[in-house]
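Chemist: This is the structure, below, for whatever I ask next.
The values are calculated or read from the model by the stated rules, or taken from the named source; none is laboratory data. The model shown is predicted, which means the values in this text are computed figures rather than measured ones. Counting neighbours? That spans all protein chains shown, and the Cβs are built from the backbone with ideal geometry, glycine included.
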Amino acid sequence: MEDQVNGAQAVIRTLVGGGVDVCFANPGTSEMHFVAALDDVPEMRAVLTLFEGVATGAADGYARMSGRPAATLLHLGPGLGNGVANLHNARRALVPVVNVVGDHALAHKRLDAPLESDIDAIAGAVSGWVRRSLATGAVGEDVAEAVAAARVAPGQVATLVLPADVSWTEGAEVAAVPAPRPPAVVPPSVIEEVGGVLDGSTVLFLGGDALTEPGLLAAAQVAAGTGARLIATTFPTRMARGAGVPDVLKLPYPPQAAMAELAGAKHLVLVGAKEPVAFFGYPELPGRLLPPGCAVHVLARPGEDGVGALRSLAERVAPDAEPQLAEPCRPQLPGGRLTPRAMADVVAALLPERAVVVDEAITSGAHLPAATAGSAAHDWLSLTGGAIGWGLPVATGAAVACPDRPVIALQADGSAMYTIQALWTQAREQLDVTTVICDNGVYAILAGELRNVGAGQGGPRAGQLLDLGSPDLDFVALATGMGVPATRATTAEELAEQFAAALAEPGPHLIDAVLVREG
């Protein structure tokens, strides 16, 4: 048994021993012993963020690309509250995150100090596992169980509430974290059942590990041998794409388009995904998107071995079929007006090998999937939970996880302002992130939703709540003010030149792509 240490030292050493060696932090007074203990455990990489939503989003991006949890260090209930939106996205992405949330010393809580709040209730809204550590002697085991809980397949948010005196008190012990359990294997009877419904009227609806390259290859083999169609979830956690990988359509976001894509399906087979539903309720539109009478089958639930299930299914129904792969094909570099289509073509034409694309382009990204289908093989990360302000933090975490891969953040202008502080962390850590701001000066998606919910076009006062002008946002000034080199592109030629230059130079860069409407 190791010598006894204080609680904070035991927390960090247990985390590192369990493979959690990155911590995205925005600490306060209650976490100062954790901060001091970092000097005793150099194996832990601590990354400072200037807003808790950056810390939680970065932990999400790190987990998506590494497959392992990072820790966050947050200050009391308000700090956790500031990070909730991106914890919501991480929860919907089913990725492992270990939250360490400092709290008042145990004897101080009864005094109802100004920062006192119900941390457990806040954490419960976005966590699959919550525990308050109440004794220094048990804190090592509490941390070990938090790491183990975060790693339960497919992954979840685990939150440990750490009172300040549990951290500063001596007498803690480092605990061993048990090895993660492999995902459950799908039984042969399920393979047989699903195999019996595969034909041209069947849709395989893919999510989770089914959207990795091995999963897509197996799914495409099934499709080639049976005529079944492949559709991916609208906002995948991580999806392999590009030349040499099966090109799978993502279910459209608008409910009318999604229903049209699913029309005619008699069987829907879920592989690492849930049944698709509309993001919102709309007048005179159903929430469920499947056509009447479509039967739902489950090949693999989230957390089960979807890749293994697809491979077994392919061996049963299509052993000799060849999956159809995307051919190498890049668009020509466009010229002239910088429309969303031109922006997509520039990105697709210049996308480097093994890129990690973080997509929060929202309405400006409509042309990106088709344009990049034949680009160099890459990974695509999507906004799983719909809480905006996700892209810049996730790009930060992805770059920490994959320092040898270029990260491309395609970022809408309005949502960029939620967590613009992520640029400062990228500069401090010298992360290889190229951000393209899709600058159309408006919350364009909300203008469409105003119509979709039956509220009409809206008048001038409504328009003021959707417009990002008066004053215009200056993303070049914002980025350079936080240490990130930045340029502005107003034509397709300028974007191509600036994007190529940013990709060629290590470290973070931002391009403010001033878009004009198509038509």
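Chemist: Confirm whether residue 64 is surrounded by fewer than 18 Cβ atoms within 10 Å (Cβ to Cβ) and either without any contact (Cβ under 8 Å) to a residue 24 or more places away in the chain or within 24 Å of residue 427 (Cβ to Cβ) (or both).
Modeler: Answer is no for this residue.
Chemist: Do any strands (runs of 3 or more DSSP E) entirely within segment 154-223 hold 2 or more residues that are of a type in the set (Val, Ile, Thr), within 30 Å of residue 106 (Cβ to Cβ) and not assigned by TED's automatic domain parsing to the domain that holds residue 297, and if so, which?
Modeler: 157-163
Chemist: From 172, 243, 219, grab the single residue that is within 24 Å of residue 318 (Cα to Cα), in contact (Cβ under 8 Å) with a residue 60 or more places away in the chain and either touching a His at 6+ places or on another chain (Cβ under 8 Å) or crowded, with 24+ Cβ neighbours inside 10 Å (or both).
Modeler: 219
Quick grid of which residues meet (1) within 29 Å of the chain's Cα centre (by Cα); (2) among the hydroxyl-bearing types (Ser, Thr, Tyr); (3) farther than 30 Å from residue 222 by Cβ:
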| site | (1), (2), (3) |
| --- | --- |
| 130 | yes, no, yes |
| 138 | no, no, yes |
| 166 | no, no, yes |
| 185 | yes, no, no |
| 189 | no, yes, no |
| 200 | no, no, no |
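Chemist: Against the conditions (1) surrounded by fewer than 18 Cβ atoms within 10 Å (Cβ to Cβ); (2) under 30 Å from residue 384 (Cα atoms); (3) polar (S, T, N, Q), where does residue 202 fall short? Just the number, please.
Modeler: (1) is the only condition that residue 202 fails.
Chemist: Please find, among 40, 60, 21, the residue that is among the acidic types (Asp, Glu) and farther than 22 Å from residue 356 by Cα.
Modeler: Step by step, each of 40, 60, 21 is checked, and only 40 is among the acidic types (Asp, Glu) and farther than 22 Å from residue 356 by Cα.
Chemist: Being among the polar types (S, T, N, Q) and under 15 Å from the mean Cα position of the chain (by Cα) is the filter; apply it to segment 395-437 and report the residue that is surrounded by the fewest Cβ atoms within 10 Å (Cβ to Cβ).
Modeler: 415
Chemist: Which pairs turn up if I take residues in segment 269-292 that are on the phi > 0 side of the Ramachandran plot and look for partners that are part of a loop (DSSP other than H, G, I, E, B) and surrounded by fewer than 16 Cβ atoms within 10 Å (Cβ to Cβ) with beta carbon separation below 9 Å, at least 6 apart in sequence or on another chain?
Modeler: Pairs that qualify, where the first residue is on the phi > 0 side of the Ramachandran plot and the partner is part of a loop (DSSP other than H, G, I, E, B) and surrounded by fewer than 16 Cβ atoms within 10 Å (Cβ to Cβ), are 284/454.
Chemist: Another question about this same structure. Based on what the data block shows, is residue 392 aliphatic (A, V, I, L, M), buried (at least 24 other Cβ atoms within 10 Å of the Cβ), farther than 30 Å from residue 332 by Cα and touching a strand residue (DSSP E or B) at 6+ places or on another chain (Cβ under 9 Å)?
Modeler: Judged against the criteria, residue 392 is not a match.
Chemist: Looking only at residues in segment 366-390 that are within 18 Å of the chain's Cα centre (by Cα) and assigned to a helix (DSSP H, G or I), which one is farthest from residue 246 (Cα to Cα)?
Modeler: It comes out as 368.
Chemist: Identify all residues within segment 150-181 that are of a type outside the set (Val, Ile, Thr) and closer than 28 Å to residue 210 by Cα; write none if there are none.
Modeler: Within segment 150-181, 150, 151, 153, 154, 155, 156, 158, 178, 179, 180, 181 meet the criteria.
Chemist: Hey, another quick one. In segment 262-280, which residues are surrounded by fewer than 17 Cβ atoms within 10 Å (Cβ to Cβ) and under 24 Å from the mean Cα position of the chain (by Cα)?
Modeler: 274, 275, 277, 279, 280
Chemist: Can I ask one more? What number of residues within segment 213-271 are closer than 25 Å to residue 329 by Cβ and β-branched (Val, Ile, Thr)?
Modeler: Number satisfying all stated conditions: 6.
Chemist: Out of everything in segment 374-385 that is of a type in the set (A, V, I, L, M) and buried (at least 19 other Cβ atoms within 10 Å of the Cβ), what residue ends up being farthest from residue 64 (Cα to Cα)?
Modeler: 383
Chemist: If you don't mind, there's one more thing I want to ask. Return the total of residues in segment 255-277 being in contact with a Phe, Trp or Tyr (Cβ under 9 Å, 6 or more places away or on another chain) and part of a strand (DSSP E or B).
Modeler: 4
Chemist: If you don't mind, another one. Is one or more of the residues making up segment 81-88 touching a Pro at 6+ places or on another chain (Cβ under 7 Å), surrounded by fewer than 24 Cβ atoms within 10 Å (Cβ to Cβ) and either within 15 Å of residue 14 (Cα to Cα) or not charged (D, E, K, R) (or both)?
Modeler: No.
Chemist: Being on the phi < 0 side of the Ramachandran plot and not in a helix (DSSP H, G or I) is the filter here, so list the residues in segment 331-349 that pass it.
Modeler: 331, 332, 333, 334, 335, 337, 338, 339
Chemist: For residue 444, which of the numbered conditions (1) small (Gly, Ala, Ser); (2) in contact with a strand residue (DSSP E or B) (Cβ under 7 Å, 6 or more places away or on another chain); (3) under 20 Å from residue 364 (Cα atoms) fails to hold?
Modeler: (2)
Chemist: Report yes if some residue within segment 457-476 is of a type outside the set (Phe, Trp, Tyr), out of contact with any strand residue (DSSP E or B) (no Cβ under 7 Å at 6 or more places or on another chain) and either under 25 Å from residue 501 (Cα atoms) or in the same structural domain as residue 239 (by TED's automatic domain parsing) (or both); otherwise report no.
Modeler: Yes; the residues of segment 457-476 include at least one that is of a type outside the set (Phe, Trp, Tyr), out of contact with any strand residue (DSSP E or B) (no Cβ under 7 Å at 6 or more places or on another chain) and either under 25 Å from residue 501 (Cα atoms) or in the same structural domain as residue 239 (by TED's automatic domain parsing) (or both).
Chemist: Still on this structure: I'd like to check something: does segment 327-338 contain any residue that is closer than 21 Å to residue 229 by Cβ, touching a residue at least 24 places away in the same chain (Cβ under 8 Å) and surrounded by fewer than 19 Cβ atoms within 10 Å (Cβ to Cβ)?
Modeler: Yes.
Chemist: Sort out which residues of segment 474-502 are of a type in the set (A, V, I, L, M, F, W, C), touching a residue at least 40 places away in the same chain (Cβ under 8 Å) and either closer than 12 Å to residue 439 by Cβ or surrounded by 17 or more Cβ atoms within 10 Å (Cβ to Cβ) (or both), and write them in order of number.
Modeler: Those that are of a type in the set (A, V, I, L, M, F, W, C), touching a residue at least 40 places away in the same chain (Cβ under 8 Å) and either closer than 12 Å to residue 439 by Cβ or surrounded by 17 or more Cβ atoms within 10 Å (Cβ to Cβ) (or both): 475, 478, 479, 482, 484, 489, 492, 495, 496, 499, 502.
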